[in-house]
């Protein structure tokens, strides 16, 4: 699933925050995970029920519909319009990896893809597939998009799933971000182009940059070990 939350205003959007364990979107998805024997990675805006802190979180729902765990965004951008430090807090959960029926998975959320050591830590913790749900725009990072997750797959001997949303959000009032750009009413175009890369660097074609799409691929997790062996990596 793509990155679920992207806005600069603190209110009223923060009212959509929810519990990672019992929130309405999680309850909605749990029945589908169990019904179809799927593992679902669902990005949400999490509100910590204890400290009332907001987190950018991906919830992992297991094949039996239970919440297997969650991963929070480790790095909070302060780049252009994406000054997310006004509402998100950096994760304190480290780099968790989750054992599932379909392999050991991890979630490197959005901006974390720009940090090579972020990818490295998921690999050291045993990940075989690392999902990267994003909301990024063409002028900011489209030139980097085909490269970063692909390089991470090669460097860390696992599969990467780079996921980006599509479309353009328009706001009623102009805003500026302190980056010398004139006032504007949208972030820019979210360019989609989601793809999957294996540890050998072979990748799928990207999805459309304009329209929503669904990418289905079969992966052989044995290749994580086979590629390491072929190159003598330890």
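Taking the options 132, 156, 125, name whichever one is within 30 Å of residue 33 (Cα to Cα) and out of contact with any helix residue (DSSP H, G or I) (no Cβ under 6 Å at 6 or more places or on another chain). Working first, answer last.
Values: 132 fails: out of contact with any helix residue (DSSP H, G or I) (no Cβ under 6 Å at 6 or more places or on another chain); 156 fails: out of contact with any helix residue (DSSP H, G or I) (no Cβ under 6 Å at 6 or more places or on another chain).
Every option except 125 fails the conditions.
Free of Cβ contacts under 8 Å to residues at least 40 places away in the same chain and part of a loop (DSSP other than H, G, I, E, B): is that true of residue 71 in this structure?
Values: free of Cβ contacts under 8 Å to residues at least 40 places away in the same chain: yes; part of a loop (DSSP other than H, G, I, E, B): no.
No; evaluated as a whole, the condition is false for this residue.
Which numbered condition in (1) without any contact (Cβ under 8 Å) to a residue 60 or more places away in the chain; (2) under 16 Å from residue 119 (Cβ atoms); (3) touching a strand residue (DSSP E or B) at 6+ places or on another chain (Cβ under 9 Å) is the only one that residue 144 fails?
Single failed check for residue 144: (3).
Can you name every residue in the range 120-141 that is within 23 Å of residue 80 (Cβ to Cβ) and touching a strand residue (DSSP E or B) at 6+ places or on another chain (Cβ under 8 Å)? Give the derivation first.
So in the range 120-141, the residues within 23 Å of residue 80 (Cβ to Cβ) come out as 132-141.
Within the range 120-141, 132, 133, 134, 135, 136, 137, 138, 140 meet the criteria.
Say whether the condition of being more than 17 Å from residue 17 (Cα to Cα) and touching a strand residue (DSSP E or B) at 6+ places or on another chain (Cβ under 9 Å) is met by at least one residue in the range 50-57.
Residues of the range 50-57 more than 17 Å from residue 17 (Cα to Cα): none.
Checking the range 50-57: not a single residue is more than 17 Å from residue 17 (Cα to Cα) and touching a strand residue (DSSP E or B) at 6+ places or on another chain (Cβ under 9 Å).
Quick check, is residue 139 exposed (fewer than 12 other Cβ atoms within 10 Å of the Cβ), under 30 Å from residue 12 (Cβ atoms) and out of contact with any helix residue (DSSP H, G or I) (no Cβ under 7 Å at 6 or more places or on another chain)? Quick ask: steps written out before the conclusion?
Details: exposed (fewer than 12 other Cβ atoms within 10 Å of the Cβ): no; under 30 Å from residue 12 (Cβ atoms): yes; out of contact with any helix residue (DSSP H, G or I) (no Cβ under 7 Å at 6 or more places or on another chain): yes.
So residue 139 does not fit the description; no.
Residue by residue, here is whether (1) surrounded by fewer than 20 Cβ atoms within 10 Å (Cβ to Cβ); (2) over 22 Å from residue 137 (Cβ atoms) holds:
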| residue | (1), (2) |
| --- | --- |
| 56 | no, no |
| 72 | no, yes |
| 81 | no, no |
| 85 | yes, no |
| 89 | yes, yes |
| 106 | no, yes |
| 109 | no, no |
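The numbers here are math on the coordinates, done by the rules we state, and not lab data. Keep in mind that what you see is a predicted model, and the values were worked out from it rather than measured. Note: ideal-geometry Cβ built from the backbone for every residue, glycine included; neighbour counts use all protein chains shown.
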